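The values are calculated or read from the model by the stated rules, or taken from the named source; none is laboratory data. What you see is a predicted model; the values in this text were computed from it and never measured. As a convention, Cβ positions derive from the backbone with ideal geometry for all residues, glycine included, and neighbour counts pool all protein chains shown. Protein only, heavy atoms only, side chains kept; ligands, DNA and RNA dropped before computing areas. Shrake-Rupley method; radii C 1.70, N 1.55, O 1.52, S 1.80 Å.
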Amino acid sequence: RENAVYGVMLTSGQAVGIVEVEPGEKMFDCARRAIDCEWIEVVEPAGLQGQDYVLLIDEESKLKGDVHFVNCIASYLYESQEHGDMIIGNAMIVKQDGEDLRFLTEDEALDLAKDMQAIRKVSIHEMTECLSNLKLAEKTPEKSISSILRMGTEKDHRQPCGNEGLDR
């Protein structure tokens, strides 16, 4: 359509899509509808650094319900594998223009969607591996100093000392 503008969608189902936006539609109204949320957070993805793109994500995604779906592509762009803070739910990529945000042109959206599709497989692999490592870390918590010190003082390792049968 003439004068149409676009956003690139990254879904928690690991799909890449393009959202066509009516000219004049407000950025956050469109993002709330597309992402399906009330509160938008703007995140600067390190994986797109220098390209002036930002991710619009659901600020309250981790507070919703019991089931959380990691957005692998958005998390990969956010370099979640480095810090463990995953992006949950859908995300939309738009352009940062100085202090303002703007939708993409058709060519920008098509090129960016192609780039996102190209990193889809590696992003799923990286986030799966990262989440597996986080899960393993939860199962084997590091021992505290006090628990290490107590290890040698359990009853079966004690020896009686003296007449009264005191433990040493």
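About its Cα centre, the dipole of region 1-143 is roughly 640 debye, where the only charges are +1 on Lys and Arg Cβ and -1 on Asp and Glu Cβ. Among Lys95, Lys64, Lys26, the sequence by solvent-accessible area, most first, with a 1.4 Å probe is Lys26, Lys64, Lys95. In the full protein context, region 5-132 carries 54 Å² of accessible surface per residue, based on a 1.4 Å probe and ignoring ligands, DNA and RNA. Computed from phi, the 3J(HN,Hα) profile of region 30-43 under the Karplus parametrisation 6.51, -1.76, 1.60 (θ = phi - 60°) reads 5, 5, 4, 5, 5, 7, 6, 8, 9, 10, 9, 10, 9, 10 Hz, with x in place of Gly and Pro.
Scanning residues 5 or more positions from Ile88 or on other chains, those with amide H under 5 Å from its amide H are Asn71, with H placed 1.01 Å from N in the peptide plane.
Less than 5 angstrom separates the built amide H of Glu60 from those of Trp39, all sequence-distant by 5 or more or on a different chain.
Each residue of region 18-23 is assigned a 3J(HN,Hα), and the resulting list reads 10, 9, 8, 10, 5, x Hz, derived from the Karplus form 6.51 cos²θ - 1.76 cosθ + 1.60 (θ = phi - 60°), x at Gly and Pro.
Counted over all Cα-Cα pairs of region 18-99, pairs farther apart than 16 Å make up 52 percent.
How many percent of the accessible area of region 52-116 is carbon or sulfur, using a 1.4 Å probe? Result for region 52-116: 43 percent of the exposed heavy-atom area is carbon or sulfur.
Sequentially through region 99-107, phi angles give Karplus couplings (6.51, -1.76, 1.60; θ = phi - 60°) of 8, 9, 10, 9, 6, 9, 6, 4, 4 Hz, Gly and Pro residues having no value and appearing as x. Extension gain, Lys26 to Lys121: 0.36 nm times the residue separation minus the Cα-Cα distance gives 31.0 nm. Taking all protein chains together and rolling a 1.4 Å probe, Thr11 ends up with roughly 40 Å² accessible.
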